[in-house]
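The values are calculated or read from the model by the stated rules, or taken from the named source; none is laboratory data. Because the structure is a prediction, the values reported are computed rather than measured. Quick reminder, even Gly has a Cβ in these numbers, built from the backbone with ideal geometry, and neighbours come from all protein chains shown. Surface areas here come from the heavy atoms of the whole protein model, side chains and all, with no ligands, DNA or RNA. Shrake-Rupley method; radii C 1.70, N 1.55, O 1.52, S 1.80 Å.
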Amino acid sequence: RDGAPRRPCLLFAGEAHFEQASFGDAVFGGAAYGGAIFAGPVSLKDCAIGGDLNLDGATFSAADSLVDLSEIEVADTTSLNDISAASGLDLNYGSFKDLKISARDAGVITSLDLTQVEISGQFIIKSSQINNLKVNGLHNEGTATLDHLTITDSLDLQNVRLNLLVVNEFKWPESPQAFNLRGMTFSDIDLGERGLTEETWRELLLLVNTS
């Protein structure tokens, strides 16, 4: 409820491992309930989920291991909105319909690995600071949206294949050595919700020249 303290509906005091499990929907709380709290390492590696994966509002407290969601297959929506992740997320080689990620209070996600991820629908990262974002080889057939996103240390977009890329309030690393766009392709682009304008092309040129 509005104004009520955040209370978890699930608390995992130790390790939470669900490798190679199969689910219909996998719902670990949700923002309305405060989300689940994971005090130790978390792994859903190689899981098959026939419906939704909901980790909205989750707190991942383990500081020495990434949340392991690698090689996962989710048939419908994967929602990681309003999360707190002390070390970061590993979703490499996953297969998704829609994938949505945001940090609680527009906070920091130390590392996000989306290497060789396949997304058929919406792909949204918003309201977050990500220190290291690796998206090497990602393929998105729908709309990819980067909204109020800051990348501080490194950004790897090598060989990314996108349909429509929508960028609004996006800050990328200033060092060319920390910013790789080699091999990236897209069919359409919208920078700053302006569509294709002369200002869009100038901003795109700035982005390319910085990388």
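Have a look at 153, 46, 188 and tell me which one the Gaussian network model of the chain (Cα, springs below 10 Å) gives the largest fluctuation.
Highest fluctuation of the listed residues: 188.
Where is the GNM fluctuation largest for the chain (alpha-carbon springs, 10 angstrom cutoff): 16, 36, 106?
Maximum among the listed residues: 16.
Which of 200, 115, 152 ends up with the largest GNM mean-square fluctuation for the chain, with Cα atoms connected below 10 Å?
Greatest mean-square fluctuation among the candidates belongs to 200.
What accessible area per residue, rounded to a whole number of Å², is obtained for segment 53-211 using a probe radius of 1.4 Å?
Details: 6980 Å² over 159 residues.
Result: 44 Å² of accessible area for each residue.
Between the DSSP loop rule and a limit of at most 11 other Cβ atoms within 10 Å, which trypsin sites (Lys or Arg not before Pro) in segment 153-201 are left? Walk me through the intermediate numbers first.
On the way: sites: 161, 171, 182, 194; in loops: 182, 194.
In loop regions of segment 153-201 (DSSP not H, G, I, E or B), the sparsely surrounded trypsin sites (Lys or Arg not before Pro) are 182.
Helix 198-210: angle to the longest alpha-carbon principal axis of the chain, degrees 0 to 90, nearest 10?
70 degrees
Mind checking the log10 I(q)/I(0) for the chain at q = 0.10, 0.16 Å⁻¹? Debye, one equal scatterer per Cα, no solvent, two decimals.
Results for the chain at q = 0.10, 0.16 Å⁻¹ read -0.42, -1.05.
Treating the beta-carbon of each Lys and Arg as +1 and of each Asp and Glu as -1, no other charges, what is the dipole magnitude of segment 20-121 about its Cα centre, to the nearest 20 debye?
Values: 4 positive and 15 negative charges, 37 e Å.
Once rounded to the nearest 20, the dipole reads 180 debye.
Percent of accessible area on the chain owned by carbon and sulfur, 1.4 Å probe?
46 percent
Magnitude of the Cβ-charge dipole of the chain, K/R +1 and D/E -1, about the Cα centre, nearest 20 debye? Display every interim value, and only then the final one.
Values: 14 positive and 30 negative charges, 63 e Å.
Once rounded to the nearest 20, the dipole reads 300 debye.
Considering only the other residues whose Cβ falls under 13 Å of the Cβ of residue 41, what net charge follows from Lys and Arg at +1 and Asp and Glu at -1? It would help to have the intermediate numbers written out before the result.
On the way: positive: 45; negative: 15, 19, 64, 68, 90.
So the surrounding residues net to -4.
Given the C-alpha centroids of segment 182-203 and segment 9-83, what is the distance between them in whole angstrom?
Taking the Cα centre of each part, segment 182-203 and segment 9-83 sit 34 Å apart.
Provide the net charge surrounding residue 20, with neighbours chosen by a C-beta distance below 13 Å and charges set as Lys +1, Arg +1, Asp -1, Glu -1.
Values: positive: 45; negative: 19, 46, 68, 71, 73.
Charge balance in the 13 Å sphere: -4.
Using all Cα-Cα distances in segment 78-192, what percent lands in each 5 angstrom bin from 0 up to the longest?
3, 12, 23, 29, 23, 9, 1
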